[in-house]
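Down below is the structure, laid out as structure tokens.
The values are calculated or read from the model by the stated rules, or taken from the named source; none is laboratory data. Quick caveat: nothing in here was measured; it's all calculated off a predicted structure. Here the Cβ is made from the backbone with ideal geometry for all residues, glycine too, and neighbour counts use every protein chain on show. Side chains are part of the model used for accessible areas, which takes the heavy atoms of the whole protein and leaves out ligands, DNA and RNA. Shrake-Rupley method; radii C 1.70, N 1.55, O 1.52, S 1.80 Å.
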Amino acid sequence: MDDHSGKDWSRIQSFLAVAETGSLSGAARALGVSQPTVGRHIEGLERALGTELFERHARGFHLSPTGRRMVPMAERMREAMNLIELTAAGEAQSVAGTVRVTASVFASHYILPPILSKLRANEPAIQIELVASDETESLLFRDADIAVRMYEPTQHDLVARHIGDTNIGVFAATAYLDRRGRPKVASELFDHDLVGYDRTPLILDTMAKMGHRVDREAFATRCDNQAANWALVCAGCGIGFAQLAVGRSNSLVEELDLGLVIPSLPVWLVAHPSMRQTPRLKQVWAALADGLKDVII
């Protein structure tokens, strides 16, 4: 094997993955390859370049001075390779194939399934990968092809469409309300068990803006996973909050009209411009845009 073969893109990928995770095992998980493969890539790249890129320690791999200088250049290579892949994928004219959609855990559980079911019935040649994540998946690096966001995108090199705004309501299980009574005004909320977030400050910040300053102890049941949080409300743990379209479609809960004006959530579709015009992405984009209009209540 000559030196130049050690500089191929897969070895640069492994270098970046080890630099970002600090270990061969972490890099292997991130890349979806075996740990020995990553190890061979690093050794081959170091041999080809004639220098050590990492200092090996019992607790992992630390970048050497040369390795630190290489990271920005390798990141530019990764960005360029991803743009090449996006451009090539954007030329695909077949409707058949896979589209990777990402959305929040809550939207993936309670909003997207019926939309994707209808899409699959109408376009059986299109396969869907749904990434349920509250992290911001990268469209540039093709962690996803289309993203459903409940906030306005900030990246200017993406195609984005504002579908509308979805309103938030106050809900509780009928079983809970039969047991504890039904509050009539907002101030009575704090005489009840509330279901809220644990470490995420979103509800607390929103309540503070509305003039109700409380801390996390105000929530008798706390969970940061939004899908699990809603399941706790439906099970009767207390009073909580949900998008109107989701809450009103659940027969286990009742909506409480307490005169609260809760800020709505914007609904956006986002894609990389080079992928936006491929036939299958256009079909999925249109299906999502049409289906998401139904949650704009």
> Which residue, chosen from Ala287, Phe190, Gly240, occupies the Cα position most advanced towards the positive end of the dipole of the stretch 179-297, where the dipole is computed from +1 (Lys, Arg) and -1 (Asp, Glu) charges on Cβ about the Cα centre?
Replying inline: Ala287
> Quick one: putting +1 on the C-beta of Lys and Arg, -1 on the C-beta of Asp and Glu, what dipole do you get for the stretch 179-285 around its Cα centre, in Debye to the nearest 20?
Replying inline: 480
> When the dipole is taken about the Cα centre of the stretch 172-241, and only Lys, Arg (+1) and Asp, Glu (-1) are charged at their Cβ, what size is it in debye, to the nearest 20?
Replying inline: 120
>> Once neighbouring chains are kept in place and the probe is 1.4 Å, which whole percent of the accessible area of the chain is contributed by carbon and sulfur?
In response: 50
>> Quick check on the stretch 177-231: take the gyration tensor over C-alpha atoms, sort the square-rooted eigenvalues as a ≥ b ≥ c, and tell me if it's rounded (a/c under 1.5), prolate or oblate.
In response: oblate
> Among Ala30, Ala58, Ala172, which one moves the most in a GNM of the chain with springs linking Cα atoms closer than 10 Å?
Replying inline: Ala58
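Charges only on Cβ, +1 for Lys and Arg, -1 for Asp and Glu: so what's the dipole of the chain about the Cα centre, in debye to the nearest 20?
That gives the chain a dipole magnitude of about 160 debye.
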> Bin by bin, in steps of 5 Å, what percent of the Cα pairs in the chain do you find, going until the bin that has the longest distance?
Replying inline: 1, 5, 10, 12, 12, 11, 10, 11, 9, 8, 5, 3, 2, 1, 0, 0
> Residues of the chain: accessible area per residue at 1.4 Å, in Å²?
Replying inline: 52
> Under a point spin-label approximation (7 Å from Cα along Cα-to-Cβ), what is the Ala125-Asp178 distance to one decimal in nm?
Replying inline: 5.2
> Using Cα-only point scatterers and the Debye equation, what is log10 of I(q)/I(0) for the stretch 246-285 at each q in 0.14, 0.18, 0.19, 0.36 Å⁻¹, rounded to two decimals?
Replying inline: -0.62, -0.70, -0.72, -1.14
> All other residues with a Cβ under 13 Å from the Cβ of Leu258 taken together, and with Lys, Arg as +1 and Asp, Glu as -1, what is their net charge?
Replying inline: -3
> Which listed residue (Gly211, Ile262, Gly67) has the Cα farthest towards the positive end of the charge dipole for the chain, taking +1 on Lys and Arg C-beta and -1 on Asp and Glu C-beta about the Cα centre?
Replying inline: Gly67
> In the Gaussian network model of the chain, springs joining C-alpha atoms below 10 Å, which of Phe106, Phe219, Phe15 carries the largest mean-square fluctuation?
Replying inline: Phe15
> Using a Cα distance threshold of under 28 Å, what count of lysine pairs results for the chain when pairs must be 8 or more residues apart or interchain?
Replying inline: 5
> For the stretch 125-259, what is the convex hull (Cα atoms) projected area averaged across all directions, in square nanometres?
Replying inline: 10.4
> How would you order 230-237, 121-128 from highest to lowest mean count of nearby Cβ atoms within 10 Å?
Replying inline: 230-237, 121-128
> Which residue, Val38, Val101, Val253, tops the fluctuation ranking in a GNM of the chain built on C-alpha contacts under 10 Å?
Replying inline: Val38
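Sorted by mean Cβ packing within 10 Å, highest first, what order do the peptides 187-196, 48-57 take?
With the highest mean Cβ count within 10 Å placed first, the list reads 187-196, 48-57.
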>> What are the ³J(HN,Hα) couplings of the stretch 185-194, residue after residue, when phi is run through the Karplus curve with 6.51, -1.76, 1.60 and θ = phi - 60°? Round to Hz, x for glycine and proline.
In response: 10, 4, 5, 6, 4, 7, 8, 10, 6, 10
> Once the Cα atoms of helix 65-90 and of the chain are each reduced to a long axis, what angle between those two axes, in degrees from 0 to 90 to the nearest 10, is obtained?
Replying inline: 70
